[in-house]
Ligand code: URA
């Protein structure tokens, strides 16, 4: 992040006030006076004003909601696809954030990103029973007994335990809303595959009672509010 932007964000001053401040030579980075607003701050840099450390936002807990587009992955070890953190252009500590519940590369919708491991555990742990709501588009009409079977729990390939009860609501014969309370690998796709159907498109609408902000276009993000953070 640029130094003038950082000062603007952290001290609540205008960009021109920030450049005045810089010109007066009171701002240092790692002990060196810096007068250029365009100077890029790196993680771990210590920024001081008049010898006092400015509370920086790098070490603070960060909570973000992102509208994930197709083509991005939620881990940073994929050799082919970019990680969703690349979309967080103005977030200096973006590469320190992890997804609290991943989506597949071809799934769109709500992804929560944070550097607070305890918080993301509360979001993802099956024991916390936090429902994830998906909009599912299917290749074939949903079979009559799928709703009951999902409600009772089904056995997925290579698993030892039934899936937890999930709530399926039909929108039309090939579209449905599904709430699951765990996050096994490719879970929604595997649940429908077990029913002989195929997911052709998947979108996450909500995690618990936190819905994707409909003001966010694909690829856009925003910080969570205090009350949204407190939902988990
Ligand atoms: N289930 C899936 O199959 N894919 C996702 O991305 C999320 C849930």
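Return a yes/no flag: does the range 185-194 have any residue that is farther than 18 Å from residue 103 by Cβ, in the same structural domain as residue 138 (by TED's automatic domain parsing) and either in contact (Cβ under 8 Å) with a residue 40 or more places away in the chain or more than 13 Å from the ligand (Cβ to nearest atom) (or both).
Yes, the range 185-194 has at least one match.
Collect the residues in the range 138-163 that are touching a residue at least 60 places away in the same chain (Cβ under 8 Å) and surrounded by 13 or more Cβ atoms within 10 Å (Cβ to Cβ), keeping them in residue-number order.
Answer for the range 138-163, where residues must be touching a residue at least 60 places away in the same chain (Cβ under 8 Å) and surrounded by 13 or more Cβ atoms within 10 Å (Cβ to Cβ): just 138.
Condition check ((1) more than 15 Å from the ligand (Cβ to nearest atom); (2) under 18 Å from the mean Cα position of the chain (by Cα); (3) in contact (Cβ under 8 Å) with a residue 24 or more places away in the chain; (4) over 23 Å from residue 67 (Cα atoms)) across all residues:
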| position | (1), (2), (3), (4) |
| --- | --- |
| 165 | yes, no, no, yes |
| 177 | no, no, yes, no |
| 183 | no, yes, yes, no |
| 197 | no, no, yes, yes |
| 209 | yes, yes, no, no |
| 215 | yes, yes, no, no |
| 224 | yes, yes, yes, no |
| 228 | yes, yes, yes, no |
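Tell me which residues, restricted to the range 79-100, are within 14 Å of the ligand (Cβ to nearest atom) and not in a helix (DSSP H, G or I). It would help to see each step written out before you state the result.
The initial filter retains those residues of the range 79-100 that are within 14 Å of the ligand (Cβ to nearest atom), namely 81, 84, 99-100.
Matches in the range 79-100: 81, 99, 100.
Please state which one of 138, 103, 113 is within 12 Å of the ligand (Cβ to nearest atom) and modelled with pLDDT of 95 or more. Spell out how you get there, then give the answer.
Numbers: 138 fails: within 12 Å of the ligand (Cβ to nearest atom); 113 fails: within 12 Å of the ligand (Cβ to nearest atom).
The match here is 103.
Quick one: would you say residue 37 is free of Cβ contacts under 8 Å to residues at least 40 places away in the same chain, part of a loop (DSSP other than H, G, I, E, B) and surrounded by 15 or more Cβ atoms within 10 Å (Cβ to Cβ)? Steps first, answer last, please.
Numbers: free of Cβ contacts under 8 Å to residues at least 40 places away in the same chain: yes; part of a loop (DSSP other than H, G, I, E, B): yes; surrounded by 15 or more Cβ atoms within 10 Å (Cβ to Cβ): yes.
For residue 37, the condition - free of Cβ contacts under 8 Å to residues at least 40 places away in the same chain, part of a loop (DSSP other than H, G, I, E, B) and surrounded by 15 or more Cβ atoms within 10 Å (Cβ to Cβ) - is met.
What is the one condition in (1) within 18 Å of residue 107 (Cβ to Cβ); (2) in a loop (DSSP other than H, G, I, E, B); (3) out of contact with any strand residue (DSSP E or B) (no Cβ under 7 Å at 6 or more places or on another chain) that residue 213 does not satisfy?
Of everything listed in (1) within 18 Å of residue 107 (Cβ to Cβ); (2) in a loop (DSSP other than H, G, I, E, B); (3) out of contact with any strand residue (DSSP E or B) (no Cβ under 7 Å at 6 or more places or on another chain), residue 213 misses just condition (3).
The values are calculated or read from the model by the stated rules, or taken from the named source; none is laboratory data. It should be emphasised that the depicted structure is a prediction, and the values quoted were computed from it without experimental measurement. Don't worry about glycine lacking a Cβ; one is built from the backbone with ideal geometry, like all the others, and counts go over all protein chains shown.
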